[in-house]
1. Here is a list: A283, A308, A270. Which entry is small (G, A, S), at pLDDT below 95 and assigned by TED's automatic domain parsing to the domain that holds Y89?
2. Within the stretch 286-305, restricting attention to residues that are part of a helix (DSSP H, G or I) and touching a helix residue (DSSP H, G or I) at 6+ places or on another chain (Cβ under 8 Å), which residue is modelled with the lowest pLDDT?
3. Do we find a residue being out of contact with any Cys (no Cβ under 6 Å at 6 or more places or on another chain), part of a loop (DSSP other than H, G, I, E, B), of a type in the set (A, V, I, L, M, F, W, C) and at pLDDT 90 or above anywhere in the stretch 199-206?
4. Might you check whether a residue that is free of Cβ contacts under 8 Å to residues at least 12 places away in the same chain and either assigned by TED's automatic domain parsing to the domain that holds L56 or under 24 Å from H90 (Cβ atoms) (or both) occurs anywhere in the stretch 189-197?
5. Taking Y280 as the residue in question, decide whether it is in a strand (DSSP E or B), of a type in the set (F, W, Y), in contact (Cβ under 8 Å) with a residue 40 or more places away in the chain and under 30 Å from G57 (Cα atoms).
6. For residues that are within 25 Å of the chain's Cα centre (by Cα) and under 19 Å from K138 (Cβ atoms), tally how many sit in the stretch 180-199.
7. Of the conditions (1) touching a strand residue (DSSP E or B) at 6+ places or on another chain (Cβ under 9 Å); (2) more than 28 Å from M171 (Cβ to Cβ); (3) touching a residue at least 24 places away in the same chain (Cβ under 8 Å), F250 clears all except one; give me its number.
Amino acid sequence: MRKFFALFLTVAMLFSYAAAFAAYPEKAIEVIIPANPGGDTDTTVRAITQSLTELLGQPVVVTNMAGGAGSVALTEVLNRNADGYTVFYHHVDTLLLELLGRMNEGWKWENVLDIAAVTGGGNTYCLFVRKDNAKGLKTFEDVVKYAKEHPGELTYAVEMGGTLHMHALAMMQALGIEVDCIDLGSASDRNVAFLGGQVDVLEALYSQGKEYIKTGDFIPLCVLGNERNENFKEIPASKEMGFPFAAEWFYYFGFKKGTPVEIVAKFSEAVGKAVKMEPYQKALGLYDFHDNFQPAEKGVEFMKGVQAVYAPMAEALLAQ
């Protein structure tokens with residue numbers, strides 16, 4: 001009788017859990033992002049949450065929590081319950097948090113997050129010089145030649161310890177040159193400084209320089225990548241310039257480790273549909289990105305691959 005009763009309780013609990021997962025979500029889901037309103041992270045996540053709200057039948061809302069290169073938002077997510085109602089949306093900089101030892105308590109992203117999906121990205125970062133620059137730079141070859149002849153005099157806009165700083169270090173190492181990395185903070189601040197002639201070289205999304213290319217004010221030197229971008233094939237890839245670069249920009253969703261696998265799977269399934277819907281496709285198009293849905297473990301393997309590309313860059317920075 002006792003065995004029967006125990007079996008009955010076990011079956012009842014299993015049915016209860018199954019019902020709970022089937023009902024998920026039963027309230028609003030909060031997506032926390034480590035970025036201020038208006039940038040590409042904010043724009044893309046607000047687009048995809050429109051579709052997720054429709055698909056999941058509950059509001060999927062966005063909270064902006066910038067600071068600490070992403071560590072502030074990630075810490076907040078990890079301080080919440082692993083119940084599926086708080087999710088982290090970020091990009092490649094999460095990998096740098098780990099590589100540069102900036103995660104609290106030595107966290108590793110794979111150990112603290114259950115990755116639900118990689119959503120989209122691409123190679124759309126370009127190097128630009130101003131048409132009216134005082135150094136007479138017109139091509140990528142001009143930049144390399146000048147940097148070799150005048151070590152440390154060519155200025156390059158970065159956010160210290162961020163992705164663009166890694167790119168500058170990798171370029172210097174690959175080409176045997178030295179540039180002066182100027183810490184100018186966020187993308188908007190870097191763009192303003194470049195427009196004001198305070199730095200010689202700007203690395204930015206192609207979309208951020210598109211209008212200036214049309215007016216002739218900006219000269220695009222190359223796109224960082226091993227292949228040209230299909231949306232602007234006339235701009236050479238950095239590999240053609242002697243600077244191979246295989247790290248692809250990406251966005252992803254991750255839950256606090258320990259979130260029930262059924263919940264992660266259900267959210268991931270919804271993301272797989274949402275990336276193909278008009279709002280996210282339109283948002284990605286603003287930045288010349290493409291959808292690149294990879295669920296759970298496939299997403300983890302993709303992120304590990306990108307991290308392997310950035311690892312030597314981080315080591316070079318830490319060695320300085």
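1. None of the other options fit; the residue is A308.
2. Residue satisfying both the conditions and the ranking: L286.
3. First, the residues of the stretch 199-206 that are out of contact with any Cys (no Cβ under 6 Å at 6 or more places or on another chain): 199-205.
Then keep just the ones that are part of a loop (DSSP other than H, G, I, E, B); that gives 199-200.
Going one step further and asking which of them are of a type in the set (A, V, I, L, M, F, W, C), we end up with 199.
If we keep only those that are at pLDDT 90 or above too, we end up with 199.
Looking through the stretch 199-206, at least one residue is out of contact with any Cys (no Cβ under 6 Å at 6 or more places or on another chain), part of a loop (DSSP other than H, G, I, E, B), of a type in the set (A, V, I, L, M, F, W, C) and at pLDDT 90 or above.
4. yes
5. Against the criterion (in a strand (DSSP E or B), of a type in the set (F, W, Y), in contact (Cβ under 8 Å) with a residue 40 or more places away in the chain and under 30 Å from G57 (Cα atoms)), Y280 does not qualify.
6. Here is the first cut: in the stretch 180-199, the residues within 25 Å of the chain's Cα centre (by Cα) are 180-195, 199.
Checking the rest, the ones that are also under 19 Å from K138 (Cβ atoms) come to 194-195, 199.
So the count comes out to 3.
7. (2)
Residue by residue, here is whether (1) at pLDDT below 90; (2) assigned by TED's automatic domain parsing to the domain that holds V62; (3) closer than 24 Å to L202 by Cβ holds:
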| site | (1), (2), (3) |
| --- | --- |
| H91 | no, yes, yes |
| L100 | yes, yes, yes |
| K138 | no, no, yes |
| K145 | no, no, yes |
| G162 | yes, no, yes |
| G176 | no, no, yes |
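The values are calculated or read from the model by the stated rules, or taken from the named source; none is laboratory data. Since the structure is predicted, the reported quantities are computational estimates derived from the model, not experimental observations. Cβ: placed from backbone, ideal geometry, glycine included. Neighbour counts: every protein chain shown.
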